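Visitor: Let me begin by handing over the structure; questions about it come next.
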Amino acid sequence: MLAVVLFLTASLVSAQPSDPAYEPLARAYESLRARDYDTAISSFLQGMAAAPKRASIRKDLAYAYLKVGENELARDQFRDAMQMDPTDTEVALEYAFLCNETKQQAEARRIFDRIRKTGNPVAEQAFQNIDAPLASGIERWKSAIAMGAENFSGHFEHFELATLAEQRDELALAAEHYQKAWRLLPGRRSLLVDLGRVWQMSDRVVEANAALLAASRGGEPRAAEMARELLPDRYPFVPEFRSALELDPANAELRRELAYLLLKMDLKVEAEQEFRVLTGTAPADLLSATQLAFLLHARGQDVEAKLLFDRVLVGADDDLANRVRAVLQLPQVLKNRAEAPPASIDAKVMAERSTKAGYMKDALKYLVVAHEIDPGDFDVMLKLGWTYNVLHQDFLAVRWFDLARKSTDPRIAAEAAGAWHNLHSATERFRISAWVFPVFSTRWHDLFSYGQVKMGVRTDLPVKPYVSVRFVGDTRLTIGAVSPQSLSESSVIVAMGLATRTWHGITGWAEAGWSIGYIKGSMLPDYRGGVSIARGIGHSLRGEMPGWFADTTVDALYVSRFDHDSLVYTQSRAGYTAGPKSVRGQLYWNANLTFDQKREYWANFAETGPGVRVGGAFLPQSMYLTFNLLRGAYLINTDNPRRPNFNDFRAGFWYAFTH
């Protein structure tokens, strides 16, 4: 019989498809069941790297991100999943709702608009919830502009109207009023970014590049960074510089860059024209004045050049003045250098900007510098923790959260302490897990209890050592004498063991210890081990959406105290998950089978029948209630003192936790 068990186990293993993503996905789903969301996310990312075109992985990763409050990361994964499988309405709706929550109303409106045209009432209502306020807001601002004057307040009104028009995909109206707002307040170059973005969406590529090029040079650093992200990945051409200057003629940095570009192209006459404009419109631009003076000096126009040189020599830039003196062969002037003023934009500010732009690796570099400058800044420590966490380097994140939770600032300390507790269990060397499953059986009129507490040790090896305490018993304390060991061993089993990492949903384990009988006080050696296989598809009890599901477990087990017997038992369920998250239920059909090597009557039987599982917000995260009405039949009746067929109603609950 053992050979049959091994053959069946090998067949199940070989039947698994050759899927490079299977192992990390199995680990991810196992971590989700244990509420270890950080490990689940890391495993989903590994699975996504192994199968980048599989939409279901991105979908499940998105739900995992939602569990830890990373709505923007979840939104991006739903977007990718939607692009891979445009027919998945559930994913598209999740993406649209998250777009709306994360201030991307325009994209949310587009998705809802597309889905509502298929007759979806949820999408129709969501679309109206977004579109109606936008339409009324546009009319309100149009009326305000019609009654107002073209002044600073008018800039605000044009900007608000343009923003609402862009969100409603009225791109021509948005571009018109972004441009009017820019003309009223030309120092606000973030308006050029908005204008360039709308022109890009309208396929006005030339105008868009001009606006973005102007915004990327000079002015607000954040606007310049945003503009560079939207510009083509190449250096601009001369006509693009000229178009940008037509839109933003006061942009000295943009004009200076064009002038130097013309110099490199050996177009000195055109470069001189740009430098002349700069010396007239930006008198403080000593660098442009110097370059123009050099060009005039080389052409022999020394009188005009001398006026410019004199401007530089009396200016505040000592280094530039000495360079002029060197060219003119004048004596150098040495001055005591005052201590350099601090930079206007420090490492913390740059880190914040990089984080908002999504450049987490750059943010990490700036935060490390900020910590080196001020090792006692707990806010920097907290941000280092979050940055390492986003970069999935949780071992380092835990260290920084641990430091930050010692802050005297209550806000920083509380936030760091919460993050530390969430990550600590996933990264600590030792992990304690426990589960309990009490169940009442009408067939036996008894309450059975099964449970285990296990402490494992994290290693980099394929196997993980652990110490385990199991309990298998019943309330009446008589079941061991009249019923098979499969229901109650009436023992506490203390053991040490090894477990493999999960591979393709398969886990192997073996342990040795002592079985302590609590009825007779006996103490016997206990050796057991086996292979467990778990698979599930569809919508789980704790999933985000209701729907069909199926799951199965197969366990091949050797137990020394059962006269060195080997057993195989499978439990399969298929049904429907229904109800809101607050009260979620599963209605399913059971199919259970148990058999053994020694052909004992008590270890060879089949069961089938309906069942219900109930969970929800009113219960702890990993707890659910279970009710099953089963019809069973023994497959071997030699020496069987009982009837070959039986009925049983079982009610119980499952609860597990990890620390």
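Visitor: Would you point out which residue out of P462, P375 is closer than 30 Å to Y65 by Cα and either in contact (Cβ under 8 Å) with a residue 40 or more places away in the chain or open to solvent by 30 Å² or more (accessible area, probe 1.4 Å) (or both)?
Guide: P462
Visitor: Now for a separate question. Suppose we filter the range 362-382 for residues that are over 24 Å from T408 (Cα atoms) and either in contact with a Gly (Cβ under 9 Å, 6 or more places away or on another chain) or at pLDDT below 80 (or both); how many remain?
Guide: 1
Visitor: Confirm whether M350 is at pLDDT 75 or above, over 20 Å from E415 (Cα atoms) and either among the hydrophobic types (A, V, I, L, M, F, W, C) or not in a helix (DSSP H, G or I) (or both).
Guide: Yes: the conditions hold for M350.
Visitor: Right, something else. Only one of these conditions is not met by R116: (1) modelled with pLDDT under 90; (2) of a type outside the set (S, T, Y); (3) in contact with a helix residue (DSSP H, G or I) (Cβ under 6 Å, 6 or more places away or on another chain); (4) open to solvent by 50 Å² or more (accessible area, probe 1.4 Å). Which number is it?
Guide: All conditions are met except number (1).
Visitor: Whether any residue in the range 325-338 is at pLDDT below 75, within 30 Å of Y366 (Cα to Cα), not in a helix (DSSP H, G or I) and not charged (D, E, K, R) is what I want to check.
Guide: Yes; the residues of the range 325-338 include at least one that is at pLDDT below 75, within 30 Å of Y366 (Cα to Cα), not in a helix (DSSP H, G or I) and not charged (D, E, K, R).
Visitor: For K103, all conditions in the list (1) open to solvent by less than 60 Å² (accessible area, probe 1.4 Å); (2) without any contact (Cβ under 8 Å) to a residue 40 or more places away in the chain hold save one; what is the number of the exception?
Guide: So the condition that K103 fails would be (1).
Visitor: Quick check on this structure: which one of R217, R188, R242 is basic (K, R) and either at pLDDT 85 or above or closer than 30 Å to I111 by Cβ (or both)?
Guide: The unique qualifying residue is R242.
Visitor: To continue, here is another question. Tell me, please, whether a residue that is of a type outside the set (K, R), under 30 Å from E607 (Cβ atoms) and in contact with a helix residue (DSSP H, G or I) (Cβ under 7 Å, 6 or more places away or on another chain) can be found in the range 389-409.
Guide: No: the range 389-409 contains no residue that is of a type outside the set (K, R), under 30 Å from E607 (Cβ atoms) and in contact with a helix residue (DSSP H, G or I) (Cβ under 7 Å, 6 or more places away or on another chain).
Visitor: Next up: Please verify whether R256 is in contact (Cβ under 8 Å) with a residue 12 or more places away in the chain and open to solvent by 40 Å² or more (accessible area, probe 1.4 Å), treating the condition exactly as stated.
Guide: Taking the combined requirement at face value, the residue satisfies it.
Visitor: For the range 509-541, what are the residues that are in a loop (DSSP other than H, G, I, E, B), more than 26 Å from R584 (Cα to Cα) and within 37 Å of the chain's Cα centre (by Cα)?
Guide: Correct list: empty.
Visitor: A further question on this structure: Of all residues being without any contact (Cβ under 8 Å) to a residue 40 or more places away in the chain and among the aromatic types (F, W, Y) in the range 602-637, which is nearest to A550 (Cα to Cα)? Just the residue, please.
Guide: The selected residue is F627.
Visitor: Please enumerate the residues belonging to the range 539-554 that are farther than 21 Å from R650 by Cα and modelled with pLDDT of 85 or more.
Guide: Correct list: G547, W548, F549.
Visitor: To continue, here is another question. Restricting attention to the range 69-89, which residues are open to solvent by less than 40 Å² (accessible area, probe 1.4 Å), under 21 Å from V122 (Cα atoms) and assigned to a helix (DSSP H, G or I)?
Guide: Those that are open to solvent by less than 40 Å² (accessible area, probe 1.4 Å), under 21 Å from V122 (Cα atoms) and assigned to a helix (DSSP H, G or I): A74, R75, F78, A81, M82.
Visitor: From the list Y65, Y95, which one is crowded, with 17+ Cβ neighbours inside 10 Å and either touching a Pro at 6+ places or on another chain (Cβ under 9 Å) or within 26 Å of L164 (Cα to Cα) (or both)?
Guide: Of the residues listed, the single one that is crowded, with 17+ Cβ neighbours inside 10 Å and either touching a Pro at 6+ places or on another chain (Cβ under 9 Å) or within 26 Å of L164 (Cα to Cα) (or both) is Y95.
Table: residues versus (1) open to solvent by less than 60 Å² (accessible area, probe 1.4 Å); (2) modelled with pLDDT under 85; (3) under 36 Å from the mean Cα position of the chain (by Cα); (4) under 23 Å from V68 (Cα atoms).
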| site | (1), (2), (3), (4) |
| --- | --- |
| W420 | yes, yes, yes, yes |
| L423 | yes, yes, yes, yes |
| E428 | yes, yes, yes, yes |
| S433 | yes, yes, yes, yes |
| V436 | yes, no, yes, no |
| V439 | yes, no, no, no |
| Q452 | yes, no, yes, no |
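Visitor: Quick check on R110: is it open to solvent by 30 Å² or more (accessible area, probe 1.4 Å) and either acidic (D, E) or assigned to a helix (DSSP H, G or I) (or both)?
Guide: Yes: the conditions hold for R110.
Visitor: Being open to solvent by 40 Å² or more (accessible area, probe 1.4 Å), assigned to a loop (DSSP other than H, G, I, E, B) and either at pLDDT 75 or above or touching a Lys or Arg at 6+ places or on another chain (Cβ under 8 Å) (or both) is the filter here, so list the residues in the range 1-33 that pass it.
Guide: M1, P20
Visitor: Shifting gears a bit: Could you list, in sequence order, all residues of the range 218-253 that are closer than 23 Å to F294 by Cβ and either open to solvent by 80 Å² or more (accessible area, probe 1.4 Å) or among the charged types (D, E, K, R) (or both)?
Guide: Hit for the range 218-253 is E253, nothing else.
Visitor: State whether one or more residues within the range 85-92 are out of contact with any Phe, Trp or Tyr (no Cβ under 8 Å at 6 or more places or on another chain), hydroxyl-bearing (S, T, Y) and touching a residue at least 12 places away in the same chain (Cβ under 8 Å).
Guide: Checked the range 85-92: at least one residue is out of contact with any Phe, Trp or Tyr (no Cβ under 8 Å at 6 or more places or on another chain), hydroxyl-bearing (S, T, Y) and touching a residue at least 12 places away in the same chain (Cβ under 8 Å).
The values are calculated or read from the model by the stated rules, or taken from the named source; none is laboratory data. In this text, all values refer to a predicted model and were calculated from it rather than measured experimentally. Don't worry about glycine lacking a Cβ; one is built from the backbone with ideal geometry, like all the others, and counts go over all protein chains shown. We work out accessible area using only protein heavy atoms, side chains counted, and drop any ligands, DNA or RNA first. Shrake-Rupley method; radii C 1.70, N 1.55, O 1.52, S 1.80 Å.
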